[in-house]
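Asks: I'd like to ask you about the structure that follows.
The values are calculated or read from the model by the stated rules, or taken from the named source; none is laboratory data. Source: prediction; values computed, not measured. Cβ placement follows ideal geometry from the backbone for every residue including glycine, while neighbour counts extend to all protein chains displayed. With ligands, DNA and RNA removed, areas are computed over all heavy atoms of the protein, side chains included. Shrake-Rupley method; radii C 1.70, N 1.55, O 1.52, S 1.80 Å.
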Amino acid sequence: MRQNTEDIASRLNDQQVAAITAPAPVVVMAGAGSGKTQVLSVRIAREIEQGVPAGAILALTFTNKAARSMKERVAQMVGERSKELWISTFHKMCVGVLRKEAQRLGYKDNWVIYDTDDAKAMLGRVISELGLDPKIFVASKLAGVISAAKNDMASWQHLGGHRGGNYYECLGRIYRRYGDWLKAANAMDFDDLLTNTYEVLLTPALQSWQERYRSVFIDEYQDTNRIQNEIIWLLTRKHRQLFVVGDVDQSIYGFRGARWRNLLDLENRFPEAKRVVLEYNYRSAPRILACANSVISNNNERPQKVLRGTRPDASCVHTVIREGKDELASAVAKEVQSLKRSGVAGSEIAVLYRTNVESRAYEEAFLRHKIAHQVIGATRFYDRKEIRDVLAYARLVHNPFDLAAFSRVANWPTRGIGAISLEIITEHASARGLSFIDALGDTEGLSTPAEKGARSLNLILSSLVSYSETYPPSDLIAHIADETGITSIYQEEGAKRAQDRLENIEELCRVAKRYSDLASFLASTKLYDAQDDIEEQRGEVCLLTIHASKGLEWKAVFVVSLHDGGLPHLRSLEEKGGIEEERRLCYVALTRAKDHLYLCADSTRGLSQFLYEMPENLVGKALPDPDAHLQRRVARPHSKARCLGS
């Protein structure tokens, strides 16, 4: 049903009204649950109603779910005009820019995106090629190092000269060679989507993108890294029509390169910007907010802000402390059963933990107690073997230079192309600048079995390319599974797992029906995030990390890592600013709860200092005296924290 922006604005509080009416640029410091998505949506709709073309508005956020929510809200207010809006994640926006501009950087139009697994495989090849020890230069670790360097705008020369010494010199060589292989494969990794967009915006193309997007909205600005910050500066420095929303207290992605200071530094680049603070929380009951406020108030490097409750306090804050992780998991399962008996749906309950490794005890406990649940962030749909296999063929059809895809399918299903033969074909393609499909047609140097396999694969891929020119992606996916023999293998196997794999391929075909072209479909499979796995209609309890819970909410939340070394994590004690980021992580976890908050800990590991930072009148009576308890000594909460709970 269509809604009028003025009617909606009349129901907003004074802080929200100030945010949607202030002249740009505007920096909104929005507390958890303070209605920031509503403010963003109303502001966008209001600009459209005031004559700003919807096609001139760019709105960016960090999850597909948040982008969909924003677009749906705007559509309810402005109707069909919302179709011209570009509301997406940062990376999806970059894909859109690079689909039009990548040729400026030397890429062919059919470039593809490499995910983390593709990047690790490519780095493994580089390490081997350079004759380096894979035990010293570990591909999985190097992927993180290079990702951080790209997000921090550091070149291979900088990385190679960092601190000096042979190790860093080798690191620089790996970084450089990895980039060369990516370019040869006509591929970009996730970080290249950002760095290459930045490079495009340093060319004359900048002017056309500045003119196209004359009004820019950014959600969760505290989660931007250095290069994202620079991209936004390039796009907005001319028209200065920028509206950002963020919350330093919810900056929890430092390990990905996020810089919460970007939010504060905007006011240096835009000194005319108006700052608006949103403090009224519409999600959580006051006692839950008291716990969150008192924890986060112990952080020193933050703009002062206190969440203020707007709901009646009918909620409960519980502490669940048991000896041993299995005992704790069992106690949590029983509390979940009690909540469900009281009428709380399973889909309105979440168990949040600091790291994925903690999920196992809760999965086992929920199975024992017959509680339907879904684990978010486990093996994702697009990470399953059969899906990656079929998509690798599709990627080769789209981009015959894709080395990671070719390496995956060359001998699957088995066709006699072993590691040595694969290397011969790869070197042959590289030396002559051939696509892998063309390189398969020249079998010089291959053994007889490998020669036969290469010719067979050449025919299959050539046939698939011809097929893709006539039929849509969904038909191509089904055709790939049949023509390559993947379907036959699983049909002959006949086991339950094989049947599941066939059903997953069928689901991939259904997903592909949403897309009219192969490039868009393949990009969508890489721009998938953990929250896309949540199936809200199944009535299942969600098990997920606190990081994955950002932006979500439930009636009842169990925070199950409040023991020593859990939250805060042990590693945080060794990192500059680590304890403050862990405290922000705790704050995010607490503010996911609407009505019921369960603070859970395994007492055999000692209790988290964050528990002792919460209001004494809410949780203190349930905790052992820290001086008597056998754990690392922690201070009792200061008086400010106790007052917030009264």
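Okay, residues lined up against (1) within 24 Å of the chain's Cα centre (by Cα); (2) farther than 22 Å from Ala292 by Cα; (3) modelled with pLDDT of 95 or more:
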site	(1), (2), (3)
Ile546	yes, no, yes
Arg571	yes, yes, no
Lys594	yes, no, yes
Tyr612	no, no, no
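Residue by residue, here is whether (1) open to solvent by less than 30 Å² (accessible area, probe 1.4 Å); (2) modelled with pLDDT of 90 or more; (3) under 18 Å from the mean Cα position of the chain (by Cα); (4) not charged (D, E, K, R) holds:
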site: Ile505; (1), (2), (3), (4): yes, yes, no, yes
site: Leu508; (1), (2), (3), (4): yes, yes, no, yes
site: Tyr515; (1), (2), (3), (4): no, yes, no, yes
site: Ala519; (1), (2), (3), (4): yes, yes, no, yes
site: Gln531; (1), (2), (3), (4): yes, no, yes, yes
site: Leu543; (1), (2), (3), (4): yes, yes, yes, yes
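Asks: Please name all residue pairs, on different chains or six or more residues apart, with Cβ atoms under 9 Å, provided the first residue is in region 431-442 and is under 16 Å from Ala392 (Cβ atoms) and the second residue is of a type in the set (S, T, N, Q) and assigned to a loop (DSSP other than H, G, I, E, B).
Replies: Short answer, once both residue conditions are applied: Ser435/Asn399.
Asks: May I ask you to list pairs of residues, at least six apart or on different chains, whose Cβ atoms are under 7 Å apart, with the first in region 305-317 being open to solvent by 30 Å² or more (accessible area, probe 1.4 Å) and the second being assigned to a loop (DSSP other than H, G, I, E, B) and among the acidic types (Asp, Glu)?
Replies: Val306/Glu279; Arg308/Glu279
Asks: In the set Phe401, Phe381, Phe366, Phe436, which member is touching an Asp or Glu at 6+ places or on another chain (Cβ under 8 Å) and either open to solvent by 40 Å² or more (accessible area, probe 1.4 Å) or closer than 30 Å to Leu543 by Cβ (or both)? Reasoning before the result, please.
Replies: Details: Phe401 fails: touching an Asp or Glu at 6+ places or on another chain (Cβ under 8 Å); Phe366 fails: touching an Asp or Glu at 6+ places or on another chain (Cβ under 8 Å); Phe436 fails: either open to solvent by 40 Å² or more (accessible area, probe 1.4 Å) or closer than 30 Å to Leu543 by Cβ (or both).
Every option except Phe381 fails the conditions.
Asks: Still on this structure: Does region 20-40 include one or more residues that are surrounded by fewer than 20 Cβ atoms within 10 Å (Cβ to Cβ), farther than 30 Å from Pro303 by Cβ and not basic (Lys, Arg)?
Replies: Taking every residue of region 20-40 in turn, none turns out to be surrounded by fewer than 20 Cβ atoms within 10 Å (Cβ to Cβ), farther than 30 Å from Pro303 by Cβ and not basic (Lys, Arg).
Each row is one residue, and each column tells you yes or no for (1) open to solvent by 10 Å² or more (accessible area, probe 1.4 Å); (2) in contact (Cβ under 8 Å) with a residue 60 or more places away in the chain; (3) out of contact with any His (no Cβ under 7 Å at 6 or more places or on another chain); (4) within 22 Å of Lys100 (Cα to Cα).
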| position | (1), (2), (3), (4) |
| --- | --- |
| Lys238 | yes, no, yes, yes |
| Gln241 | yes, yes, yes, no |
| Ile252 | no, yes, no, no |
| Arg261 | yes, no, yes, no |
| Glu267 | yes, yes, yes, no |
| Pro271 | yes, no, yes, no |
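Asks: Considering region 68-81 alone, what residues qualify as being open to solvent by 10 Å² or more (accessible area, probe 1.4 Å) and either of a type in the set (Gly, Ala, Ser) or under 25 Å from Lys526 (Cα atoms) (or both)? Steps first, answer last, please.
Replies: Quick first cut of region 68-81, residues open to solvent by 10 Å² or more (accessible area, probe 1.4 Å) only: 68-69, 71-73, 75-76, 79-81.
Matches in region 68-81: Arg68, Ser69, Lys71, Glu72, Ala75, Gly79.
Asks: Still on this structure, please answer the following. Could you list, in sequence order, all residues of region 274-309 that are part of a strand (DSSP E or B) and more than 16 Å from Asn13 (Cβ to Cβ)? Quick ask: steps written out before the conclusion?
Replies: Quick first cut of region 274-309, residues part of a strand (DSSP E or B) only: 274-278, 280-281, 308-309.
Answer for region 274-309, where residues must be part of a strand (DSSP E or B) and more than 16 Å from Asn13 (Cβ to Cβ): Lys274, Arg275.
Asks: How many residues, within region 425-459, are of a type in the set (A, V, I, L, M) and more than 20 Å from Asp180 (Cβ to Cβ)? Before the answer, list the steps.
Replies: Initially, region 425-459 is screened for residues of a type in the set (A, V, I, L, M), giving 425, 429, 431, 434, 437, 439-440, 446, 450, 454, 457, 459.
With the extra rule that they be more than 20 Å from Asp180 (Cβ to Cβ), the set shrinks to 437, 440, 446, 450, 454, 457, 459.
Result for region 425-459: 7.
Asks: What are the residues in region 346-361 that are under 21 Å from Thr591 (Cβ atoms) and hydroxyl-bearing (Ser, Thr, Tyr), if any?
Replies: Passing the criteria: Ser347, Tyr353, Thr355.
Asks: Based on what the data block shows, is Pro271 under 21 Å from Gly35 (Cα atoms) and either of a type in the set (S, T, N, Q) or assigned to a loop (DSSP other than H, G, I, E, B) (or both)?
Replies: Values: under 21 Å from Gly35 (Cα atoms): no; either of a type in the set (S, T, N, Q) or assigned to a loop (DSSP other than H, G, I, E, B) (or both): yes.
For Pro271, the condition - under 21 Å from Gly35 (Cα atoms) and either of a type in the set (S, T, N, Q) or assigned to a loop (DSSP other than H, G, I, E, B) (or both) - is not met.
Asks: Going by the structure shown, is Leu234 in contact with a strand residue (DSSP E or B) (Cβ under 6 Å, 6 or more places away or on another chain), in a helix (DSSP H, G or I) and open to solvent by less than 30 Å² (accessible area, probe 1.4 Å)? Before you say what the answer is, go through the steps one by one.
Replies: On the way: in contact with a strand residue (DSSP E or B) (Cβ under 6 Å, 6 or more places away or on another chain): no; in a helix (DSSP H, G or I): yes; open to solvent by less than 30 Å² (accessible area, probe 1.4 Å): yes.
Taking the combined requirement at face value, the residue does not satisfy it.
Asks: Moving to a separate point now. Could you tell me whether any residue of region 173-195 is loosely packed, with under 14 Cβ neighbours inside 10 Å, in contact (Cβ under 8 Å) with a residue 40 or more places away in the chain and not basic (Lys, Arg)? Talk me through it step by step, then tell me what you get.
Replies: If we filter region 173-195 for residues that are loosely packed, with under 14 Cβ neighbours inside 10 Å, which is where we start, we get 180, 184.
Next, only the ones that are in contact (Cβ under 8 Å) with a residue 40 or more places away in the chain stay: 184.
Restricting the remaining residues to those that are not basic (Lys, Arg) gives 184.
Yes: one or more hits.
Results for (1) open to solvent by less than 60 Å² (accessible area, probe 1.4 Å); (2) modelled with pLDDT of 95 or more; (3) in contact with a Ser or Thr (Cβ under 9 Å, 6 or more places away or on another chain); (4) not polar (S, T, N, Q), shown as yes or no for each residue.
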| residue | (1), (2), (3), (4) |
| --- | --- |
| Ala143 | yes, no, yes, yes |
| Met153 | no, no, yes, yes |
| Trp156 | no, no, no, yes |
| Gly165 | yes, no, no, yes |
| Leu202 | no, yes, no, yes |
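Asks: A further question follows. For region 520-616, list the helices (runs of 4 or more DSSP H) that sit wholly inside it and hold at least 1 residues that are of a type in the set (Val, Ile, Thr); which are they?
Replies: Values: elements: 546-549, 578-590, 609-612.
Here the list reads 546-549, 578-590.
Asks: Step by step: first the residues of region 406-433, then only those that are in contact with a Phe, Trp or Tyr (Cβ under 9 Å, 6 or more places away or on another chain) and aliphatic (A, V, I, L, M), then the one that is nearest to Lys385 (Cα to Cα). Which residue is that?
Replies: Result: Val409.
Asks: How about region 490-502: which of its residues are more than 26 Å from the chain's Cα centre (by Cα) and either touching a residue at least 60 places away in the same chain (Cβ under 8 Å) or part of a helix (DSSP H, G or I) (or both)? Let's see the steps before the verdict.
Replies: Going through region 490-502, the residues more than 26 Å from the chain's Cα centre (by Cα) turn out to be 490-500, 502.
Result: Tyr490, Gln491, Glu492, Glu493, Lys496, Arg497, Ala498, Gln499, Asp500, Leu502.
Asks: Here's a follow-up. Name the residues in region 192-231 that are hydroxyl-bearing (Ser, Thr, Tyr) and either in contact with a helix residue (DSSP H, G or I) (Cβ under 7 Å, 6 or more places away or on another chain) or not in a helix (DSSP H, G or I) (or both), would you?
Replies: Pass one, region 192-231, residues hydroxyl-bearing (Ser, Thr, Tyr): 195, 197-198, 203, 208, 213, 215, 221, 224.
Once the filter is applied, which keeps residues that are hydroxyl-bearing (Ser, Thr, Tyr) and either in contact with a helix residue (DSSP H, G or I) (Cβ under 7 Å, 6 or more places away or on another chain) or not in a helix (DSSP H, G or I) (or both), region 192-231 yields Thr195, Thr197, Tyr198, Thr203, Tyr213, Ser215, Tyr221, Thr224.
Asks: Given the criteria touching a Ser or Thr at 6+ places or on another chain (Cβ under 8 Å), open to solvent by 20 Å² or more (accessible area, probe 1.4 Å) and touching a residue at least 40 places away in the same chain (Cβ under 8 Å), does Ala121 qualify?
Replies: Values: touching a Ser or Thr at 6+ places or on another chain (Cβ under 8 Å): yes; open to solvent by 20 Å² or more (accessible area, probe 1.4 Å): yes; touching a residue at least 40 places away in the same chain (Cβ under 8 Å): yes.
Yes: the conditions hold for Ala121.
Asks: Where the second residue is open to solvent by 40 Å² or more (accessible area, probe 1.4 Å) and assigned to a loop (DSSP other than H, G, I, E, B) and the first is closer than 26 Å to Ser338 by Cα and lies in region 368-388, which pairs have Cβ atoms under 7 Å and are six or more apart or on separate chains?
Replies: Gln374/Glu535
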